[in-house]
Amino acid sequence: MSLYSKPQIELLLDLINESNPGLMELRDLQNTSYGVPKVRTPGPGEIADTTLELYAKPDTFYIGKQIVHYRRVDLSRLFANMVVLLDRWQPGNIRREYIVEQVNKKYNLSLIPDDLPDSVWGATTYNVTIAATSLAYRGILRFQYAPGKRDLDQILNKTVFNIRDWDAQYVEGKPLLSLAGVGIDYTRFKASADSITNGWVIAGTGTGYAQISQLFSWFGKVTGITLDAGVSHTQVGGMAGLTVSRFNLPSANAPEGNAEKFNRVLVIASKPDSWFTGKLLIHYNW
Amino acid sequence: MALIQGSKVDVISGINRDVQVLLDPNGVLLGIPHPVEEDPSGATVQARLTCVPEYQYRGSQVITYQRLGFAELVTLFPALPNISPRETLYELLEGLRTATGVGLSEDDVEDAPVEAQGDGTYHVLLKAKPLSQGWYGEGTLVFQDLPPLSLVITDVTLEWN
């Protein structure tokens with residue numbers, strides 16, 4: 001139906017010229033105000049079913065008015081014996097803007113919202129009469145809701161994301177431990193790693209201290225960075241006061257974990273006043 | 001960030017985290033990124049996110065996000081990464097990913113030779129491809145070989161029983 005896919009003013013021009021060949025050009029219509037279209041009965045051999053008064057706009061090279069007869073597109077005939085299905089993920093509360101958007105996209109038409117009455121429709125079959133004021137269309141549009149997928153733009157409530165930015169996790173002058181020792185395999189210390197209670201806050205005494213110290217010692221041997229569970233996390237090298245979280249990999253809560261080589265990870269995240277930024281990852285296989 | 005999972009997954013994960021949704025990276029395609037004029041550095045890009053036909057959602061959306069700079073990355077390592085050296089960057093990518101958690105693909109970087117410096121360190125140029133979804137710019141990565149075996153095996157006496 002590419003014939004009807006033009007913007008509505010161009011479609012109107014085509015329809016006027018269809019019944020009045022060569023009468024008007026686009027610039028004529030652009031310099032014209034329209035009256036209200038009126039129904040007329042076509043004479044023998046005619047197809048023009050509409051009368052429209054055209055008035056010259058002020059400050060143009062045109063004066064006066066002209067009455068034209070032309071054919072409006074009859075949607076009852078265009079969609080004869082069929083119901084237009086509106087693909088929609090959520091039933092009800094269907095507004096004319098949505099109907100117009102869907103019908104135009106699906107059938108390549110150029111309806112505008114004002115062609116339909118301003119109403120809200122539910123999830124059954126409706127026969128909606130095209131507004132009498134529509135310049136290019138008339139008749140009845142028969143449509144029905146059909147369940148469909150949800151559109152991506154209905155899910156994302158924003159389109160600008162600050163998601164890949166060092167600033168979000170890196171503070172100038174503080175080491176980014178997220179990049180240190182990520183590949184170290186702590187499996188030989190898995191008994192120690194797994195005995196640390198999930199959610200334990202690192203402290204210099206009590207259960208867990210010896211185990212975490214063993215892991216930190218290994219980290220230090222490989223990377224050269226000394227970590228101390230007995231010193232506050234606000235002092236360089238200190239880790240006391242930070243929380244240890246354990247995740248089975250893969251985990252949406254630990255997307256930085258290496259799930260291809262390891263099945264468990266301990267994550268120790270920095271705090272704003274820590275000497276480092278990012279997260280220390282302790283990978284092992286259980 | 002989920003750098004280890006590659007640029008696309010990291011972008012999708014970031015979106016999920018930011019707007020509290022659960023988009024499946026396998027359900028959407030991330031199109032070619034186009035730098036925006038307002039950011040001459042090339043960091044900020046626009047790309048189209050499109051649902052695959054089989055996915056539970058449909059349609060597409062143009063999103064704006066930042067790529068990460070290699071110039072910054074190479075300065076952020078708190079210690080020289082330990083990576084088993086290879087002849088070229090492409091051969092080194094898996095090791096880099098395992099050792100540092102930075103997942104790069106051949107779509108992200110130009111290949112480059114790995115150069116031994118003679119002091120136990122190695123240099124390799126990280127130069128982003130223009131159409132990389134997650135990276136821009138360039139920087140020289142300095143790394144060292146894996147730790148010696150003597151670090152792991154401290155007891156050298158074998159007892160055959």
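List of remarks:
- In the stretch A:240-255, the residue that is nearest to A:S213 (Cα to Cα) out of those that are open to solvent by less than 50 Å² (accessible area, probe 1.4 Å) and without any contact (Cβ under 8 Å) to a residue 40 or more places away in the chain is A:A240.
- Residues that are within 15 Å of B:Q61 (Cα to Cα) and part of a loop (DSSP other than H, G, I, E, B) were ranked within the stretch B:1-23; the one that is farthest from the chain's Cα centre (by Cα) is B:V21.
- Restricting B:E106, B:E72, B:E110, B:E91 to residues that are of a type in the set (D, E) and within 13 Å of another protein chain (Cβ to nearest Cβ) narrows the list to B:E72.
- Screening A:L152 on (1) surrounded by fewer than 16 Cβ atoms within 10 Å (Cβ to Cβ); (2) within 14 Å of chain B (Cβ to nearest Cβ) shows it passes everything except condition (1).
- Checking each residue in the stretch A:256-286 for being open to solvent by less than 20 Å² (accessible area, probe 1.4 Å), closer than 17 Å to A:D185 by Cα and within 13 Å of another protein chain (Cβ to nearest Cβ) picks out A:G257, A:N258, A:F262, A:V265, A:V267, A:L280, A:L281, A:I282, A:H283.
- Residue match in the stretch A:178-200 (condition: of a type outside the set (S, T, N, Q), surrounded by 14 or more Cβ atoms within 10 Å (Cβ to Cβ), at the interface with chain B (Cβ under 8 Å from one of its Cβ atoms) and not in a loop (DSSP other than H, G, I, E, B)): yes
- In summary, A:G220 fulfils each of the numbered conditions (1) away from chain B (no Cβ under 12 Å); (2) free of Cβ contacts under 8 Å to residues at least 60 places away in the same chain with the single exception of condition (1).
- Only a single criterion out of (1) without any contact (Cβ under 8 Å) to a residue 40 or more places away in the chain; (2) more than 40 Å from the chain's Cα centre (by Cα); (3) surrounded by 12 or more Cβ atoms within 10 Å (Cβ to Cβ) is not satisfied by A:N31, namely (2).
- All of (1) free of Cβ contacts under 8 Å to residues at least 24 places away in the same chain; (2) away from chain B (no Cβ under 14 Å); (3) not in a loop (DSSP other than H, G, I, E, B) hold for A:V231 with one exception: (1).
- Scope the stretch B:39-67; condition under 20 Å from the mean Cα position of the chain (by Cα) and more than 7 Å from chain A (Cβ to nearest Cβ); matching residues: B:S41, B:G42, B:A43, B:T44, B:V45, B:Q46, B:A47
The values are calculated or read from the model by the stated rules, or taken from the named source; none is laboratory data. Nothing here was measured: the structure is a model prediction, and the numbers come from that model. Note that each Cβ is placed from the backbone with ideal geometry, even for glycine, and that neighbours are counted across all protein chains shown. The accessibility values were calculated without ligands, DNA or RNA, using every heavy atom of the protein model including side chains. Shrake-Rupley method; radii C 1.70, N 1.55, O 1.52, S 1.80 Å.
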